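Report on the structure given below.
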Amino acid sequence: AEVKKIAVVAGDGIGPEVVAEAEKVLKRTEELFGYRFELSHGLFGGIAIDEKGTPLPQETLELCQNADAVLLGAVGGPKWDNNPKELRPETGLLGIRKALGLFSNIRPAVVFDCLKDASTLKPEVLEGTDLIVIRELTGGIYFGEKFRRDSENGQEAVDTCVYNVKEVERIVRQGFEVARTRRKKLASVDKANVLETSRLWRETVNRIAPEYPDVELEHVLVDNCAMQLLRRPSSFDVIVTENMFGDILSDEAAMLTGSIGMLSSASLGEGSFGLYEPVHGSAPDIAGQGIANPIATILSVALMFRLTFGYAEAADVIERAVKNVLDAGHRTGDIAVDKSKAIGTQAMGDLIVAAMTK
Ligand code: NAD
Ligand code: IPM
Ligand code: MN
């Protein structure tokens, strides 16, 4: 079989712990399907700051650029929290997304039936919840000019939020296209009652909407959306929104599934190349204990198979294995109702690998 090149950047905290389990899944897929993956590991995030003096070393970026897909763990931690911007792990993460042109971040939040009791919400509210947050990833307030200046009232800080119509249009189209393959409902989330970027966003959505008459569109203000996600989560299908709103709403959506440890993501640009990472961070509070939930990262591999490699059957095998292991009652601490019965990261990874059959 053709060799697929995967750049692996595990990062910090629980990043390497969860990525190790995802690598086992890749290996098992090779055995099951005869596919071949060539993995190359790069330094990224805080560990790269420590060893190379920068969160995104040139050689790591080249590794990613020369790969067919990137598997990423997480970056960040208290050790680097007071560093200047250029020496922050998070700056490396924003840099890699921008350098690779990954403007579209897809974050599915699916409630497994057997995990309805793991959420802090009532099971009957969660019934049937299956939504995708599509987050714009390379624009907005994350990438606008930022600076400090002196004012009459002491130091002042400025973050600017900028979007051009092309950036809005390509992500909104992605929203409509994905909705078309699902239940054909699109919620466009903005703050058009206050923000100029949101007014441009909404105008653009309304201009494009007639091209997708089969998709039912609703505009939802972001504050209302945050509330509706808890009130009627199952009514959402695809949510499309700008960078920072998508960041916040996807962590909120994670709790519908029981834990942020369940949420996978794909970051895509124009072609089939993609970067795959869990939605969660480096979880410094549990790092090094071997208790992190690896499912978000493992499900990100399934997304990689589906969206970049076109290995739909192998993606199904992974997703089915995860479901079977959860149905059998195995839980990491974050999704366990009885915490005393929780299993660790490696045990969960091993069970999923063992459940992977054609
Ligand atoms: P976080 O997602 O790392 O952790 C939030 C909470 O969720 C913590 O209590 C953590 O223990 C728990 N958690 C997260 N992932 C888990 C998993 N797989 N299994 C079980 N529990 C899990 O968010 P935070 O604490 O706000 O941020 C910590 C660091 O991570 C910061 O430096 C932040 O900048 C960084 N971060 C990185 C990414 C990324 O690399 N994509 C994403 C978010 C945050
Ligand atoms: C995420 C993270 C990042 C973001 C941070 C760590 C820069 O929260 O991937 O969701 O805000 O995009
Ligand atoms: Mn986030």
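The values are calculated or read from the model by the stated rules, or taken from the named source; none is laboratory data. Because the structure is a prediction, the values reported are computed rather than measured. Positions of Cβ are backbone-derived with ideal geometry, glycine not excepted, and every protein chain shown enters the neighbour counts.
Here is how the numbers come out for the structure above:
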read-out	value
Criterion: more than 23 Å from residue 270 (Cβ to Cβ), among the charged types (D, E, K, R) and within 22 Å of the chain's Cα centre (by Cα) - qualifying residue of 59, 21, 38, 31	21
Every residue from region 7-29 that is more than 16 Å from ligand 3 (Cβ to nearest atom) and either in contact with a Phe, Trp or Tyr (Cβ under 9 Å, 6 or more places away or on another chain) or of a type outside the set (A, V, I, L, M, F, W, C) (or both)	9, 10, 16, 17, 21, 22, 23, 24, 26, 27, 28, 29
Of the criteria (1) among the aliphatic types (A, V, I, L, M); (2) within 16 Å of ligand 3 (Cβ to nearest atom); (3) more than 26 Å from residue 337 (Cβ to Cβ); (4) assigned by TED's automatic domain parsing to the domain that holds residue 180, which one residue 275 fails	(4)
Subset of region 74-128 that is in contact with a strand residue (DSSP E or B) (Cβ under 6 Å, 6 or more places away or on another chain), hydrophobic (A, V, I, L, M, F, W, C) and within 30 Å of residue 232 (Cα to Cα) - its residue that is farthest from ligand 3 (Cβ to nearest atom)	110
Any hit, region 201-221, residues being within 28 Å of residue 93 (Cα to Cα), within 16 Å of ligand 2 (Cβ to nearest atom) and either free of Cβ contacts under 8 Å to residues at least 60 places away in the same chain or in contact with a His (Cβ under 6 Å, 6 or more places away or on another chain) (or both)	no
Those helices (runs of 4 or more DSSP H) lying entirely in region 211-309 with at least 2 residues within 13 Å of ligand 1 (Cβ to nearest atom) and at pLDDT below 95	none
Which numbered condition residue 112 misses (of (1) assigned by TED's automatic domain parsing to the domain that holds residue 319; (2) crowded, with 16+ Cβ neighbours inside 10 Å)	(1)
Meets criteria (loosely packed, with under 15 Cβ neighbours inside 10 Å and closer than 23 Å to residue 271 by Cα) for residue 99	yes
Single residue of region 130-175 satisfying the filter (touching a helix residue (DSSP H, G or I) at 6+ places or on another chain (Cβ under 9 Å) and hydroxyl-bearing (Ser, Thr, Tyr)) that is surrounded by the fewest Cβ atoms within 10 Å (Cβ to Cβ)	160
Any hit, region 44-60, residues being modelled with pLDDT of 95 or more, part of a strand (DSSP E or B) and either closer than 24 Å to residue 318 by Cβ or aromatic (Phe, Trp, Tyr) (or both)	no
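Conditions tested, residue by residue: (1) among the basic types (Lys, Arg); (2) closer than 23 Å to residue 299 by Cα.
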position: 48; (1), (2): no, no
position: 52; (1), (2): yes, no
position: 57; (1), (2): no, no
position: 85; (1), (2): yes, no
position: 103; (1), (2): no, yes
